[in-house]
1. Determine ³J(HN,Hα), in whole Hz, for all residues of segment 62-71 in sequence, where each value follows from phi through the Karplus function 6.51 cos²θ - 1.76 cosθ + 1.60 and θ = phi - 60°; x replaces Gly and Pro.
2. Modelled label-to-label distance, LEU72 and HIS107, 7 Å Cα→beta-carbon offset: nm?
3. Between SER48 and ASN98, what is the spin-label point distance in nm, taking each point 7 Å from the Cα along the Cα→C-beta axis?
4. Check LEU79: other-chain or 5+ apart residues with amide H under 5 Å from its amide H, H built from backbone geometry?
5. Between VAL38 and THR90, 0.36 nm times their residue separation minus their Cα-Cα distance comes to what?
6. Keeping every protein chain present and rolling a 1.4 Å probe, give me the accessible area per residue for segment 55-108 in Å².
7. For segment 68-112, run through the GluC sites (Glu not before Pro) and keep only the ones in DSSP coil with at most 13 other Cβ atoms within 10 Å of their Cβ.
Amino acid sequence: MRLTLLVIPAFALGACTAVPQQTVSTTASPEPIAAFEVPMDPGLIRCSSLTNPNALAAATQWTIGQARAGVLAGRVAELPNEGNLAQTFTAYCAENPNNTVRAAAVHWGLAS
């Protein structure tokens, strides 16, 4: 009886280590997003880097943070919409690829 009680957990553990069977997917996998290392000061992100979605997200979040500080200080009337801000960045940076995120935010009056 004791031997049976010792063998059952061994079989249970053996089942846990079995490799699951892989299924083959016929759909194409999406292209991986290139990694982007955000600098310590996201305001220094170059406009030319905003083609990367991770850089655009970091720039948008940084600018919204600057706008929040401006609202609290009384410099900015209202917070921009995140989606609109990302579109505005894309349009601005298409015309000014050598500028930084900080320069764009200052241009719009959202940062100082």
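1. Those phi angles translate into 5, 5, 5, x, 5, 5, 4, 4, x, 5 Hz.
2. Result for the modelled spin labels: 2.7 nm.
3. In this crude label model, SER48 to ASN98 measures out at 1.0 nm.
4. Here the answer is none, since no amide H 5 or more places off falls under 5 Å of that of LEU79.
5. Details: separation 52, 0.36 × 52 = 18.72 nm, distance 1.77 nm.
Length gained between VAL38 and THR90: 16.9 nm.
6. I get 55 Å² per residue for segment 55-108.
7. Passing sites in segment 68-112 are GLU78.
The values are calculated or read from the model by the stated rules, or taken from the named source; none is laboratory data. From a predicted model like this one, the values you see are computed outputs, not experimental measurements. Every residue, glycine as well, gets a Cβ built from its backbone with ideal geometry; the counts of neighbours run over all protein chains shown. For the accessible areas, the whole protein counts, side chains as well, though only heavy atoms, and no ligand, DNA or RNA atoms are used. Shrake-Rupley method; radii C 1.70, N 1.55, O 1.52, S 1.80 Å.
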